[in-house]
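All remarks here apply to the structure that follows.
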Amino acid sequence: MSRLVAHLWVPGFYAVAECMLSWQPKDASVVVTRGRQVLDASPGAKTRGIEPGMPVSGARLMCPEVIEVGYDPGRYDELADRLWEACAGYSPAVEPLDQHEAFIDLVGGPDVPGVLGRLSRDVEAVVGVRPVFGVACCKLVARVASGVLEEARPVLIRALCDKTPGASCRRRRSHPQGEGHRSYFAMSLAEGLLGNFVATGKEMEFLAPMPVGVLWIIDRGVIERLLRLGVRTVGEARAMGRSALVDVLGEAGYAVYECSLGIDRSKVAPVYPKKAATFRKAFGGELTDAAVLAEAVKDGAAFIERELKARAAMARRWCLEFELAGGAGRVACERRLAKPPELYGGIAAIYRNLLRKALVQPGPAAQRGPARRGLCGPVEAVSLTATDLVSVAAALQVDMFDPHMATSPARAIHAVAGRVREKFGAKGLFPASLLECDRGDRLLLAWEGGLYHEEGKQVDSGCGATIPAPGEVLLETEMASGALHC
């Protein structure tokens, strides 16, 4: 089965996401700015002539009533997660490059256009924008084919005009959004689906007219060096030959030559679907007792803790969800934590806080009111989920007595100390500060104390000597006379 990689790109993701998060109408003029430039613009702003990359001052001149929002990557994390989770339902491996683009591993089934068509509709349901796809046998060519790289877009437009008899390139260029957006980027794989499909074996032909800047996996300094040499297109770089590229660029020449052939050996990293630890308990009826509910959450937290310990993993996203009786909906609480759960009181404490939050937050829209808030209604089932799992192997060390076990450093040291005391007695271990100081140690302590301690402060080392005042010389005769001794 042949390998296919799709590159999915959501044009205008940040501006559309900002409209959704701030409850702005779709035709509102919203721009997301980073520094003094426009990072993204909503469809309403683009109709006023505002385009990504232009200065913010120019956007204000074109549209004085434009709504400016500073770029905050954390603001769009949740929407991006929903987007990639939707993609994970169609592929065993989804690798995001950014919040608005990702690689999707397609196993090469017979109905790839149909799969991408359904995925396109699901993505549009999440973010309100239809995505653009680039499909090829490797990640390098797929990303170029999607049109996300500005350097590749003019070549894609010319190729589209050549493949469409009687098409007007000028008309297509003038409609970057709306219906013209479909023809702006490429031909259709299926009805309503946007994207380019690069057939296997046609990679060199596809990349040849592209500027060398589309070789995005090559270091930018290498690309600039090729431009200084007068190499403008990928086809010209391939025509130089591998030997000439290696002579000019060194080891980077091998990578440039392979890329010019459309070869990219990297695989799609399975970042999504994310692994998760899940616990669910159904009560077999309508539960209204808060104490029983708290006990079920406690049992679930203990189960999640055992699962994470067995996997040597730590979760960054914790979710508690309740299914209300009679199909009345769900109440869910979620928390994202970047640090280990021990710093927040443990997993049980995290879920207790989520339960406390669920008891006071508003319930489903159909049941909101003075008599129906949070979990005042009966509950049929409760679910606990820990996702965004990351390995904690780096924070673990091997037990010297049980090499096959991994545990935390503090726990390992405590266990070793207990075994040493059992074998050599209670005095087998003692603090290093109780060791007798020799003359060299005493001199070093006195010198360090004079550097780092204030005047008149005692050296906390067992010596009990007074530190001399700044500028006062501690004579060797005073040290040798026994003034400093333990």
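For residue 174, the test of being modelled with pLDDT under 90, more than 30 Å from the chain's Cα centre (by Cα) and surrounded by 15 or more Cβ atoms within 10 Å (Cβ to Cβ) is failed.
Evaluating residue 246 against the criteria (1) assigned by TED's automatic domain parsing to the domain that holds residue 360; (2) without any contact (Cβ under 8 Å) to a residue 24 or more places away in the chain; (3) among the β-branched types (Val, Ile, Thr) leaves one unmet condition, (1). All of (1) in a helix (DSSP H, G or I); (2) in contact (Cβ under 8 Å) with a residue 24 or more places away in the chain; (3) not charged (D, E, K, R) hold for residue 333 with one exception: (1).
With 111, 105 as the choices, which residue is in the same structural domain as residue 195 (by TED's automatic domain parsing), over 17 Å from residue 32 (Cα atoms) and either among the aromatic types (Phe, Trp, Tyr) or buried (at least 17 other Cβ atoms within 10 Å of the Cβ) (or both)?
Details: 111 fails: either among the aromatic types (Phe, Trp, Tyr) or buried (at least 17 other Cβ atoms within 10 Å of the Cβ) (or both).
Step by step, each of 111, 105 is checked, and only 105 is in the same structural domain as residue 195 (by TED's automatic domain parsing), over 17 Å from residue 32 (Cα atoms) and either among the aromatic types (Phe, Trp, Tyr) or buried (at least 17 other Cβ atoms within 10 Å of the Cβ) (or both).
The listed residues are 253, 262, and the only one of them that is at pLDDT 90 or above, within 33 Å of the chain's Cα centre (by Cα) and in a helix (DSSP H, G or I) turns out to be 253. Considering the range 268-320, the residues that are among the β-branched types (Val, Ile, Thr) and assigned to a helix (DSSP H, G or I) include one that is nearest to residue 352 (Cα to Cα), namely 297.
Name the residue that is farthest from residue 143 (Cα to Cα), counting only residues in the range 89-105 that are more than 11 Å from the chain's Cα centre (by Cα) and in a loop (DSSP other than H, G, I, E, B). First the steps, then the outcome.
Initially, the range 89-105 is screened for residues more than 11 Å from the chain's Cα centre (by Cα), giving 89-94, 100-105.
Subsequent filtering for residues that are in a loop (DSSP other than H, G, I, E, B) retains 89-93, 100.
Numbers: 89: 21, 90: 19, 91: 17, 92: 19, 93: 16, 100: 13 Å.
In this case the residue turns out to be 89.
Of the residues in the range 208-229, how many are within 10 Å of residue 252 (Cβ to Cβ) and loosely packed, with under 14 Cβ neighbours inside 10 Å? So the count comes out to 2.
The values are calculated or read from the model by the stated rules, or taken from the named source; none is laboratory data. On a predicted model such as this, the values are computed, not experimentally measured, just so you know. Please note: Cβ atoms are built from the backbone with ideal geometry, for glycine as well, and neighbour counts cover all protein chains shown.
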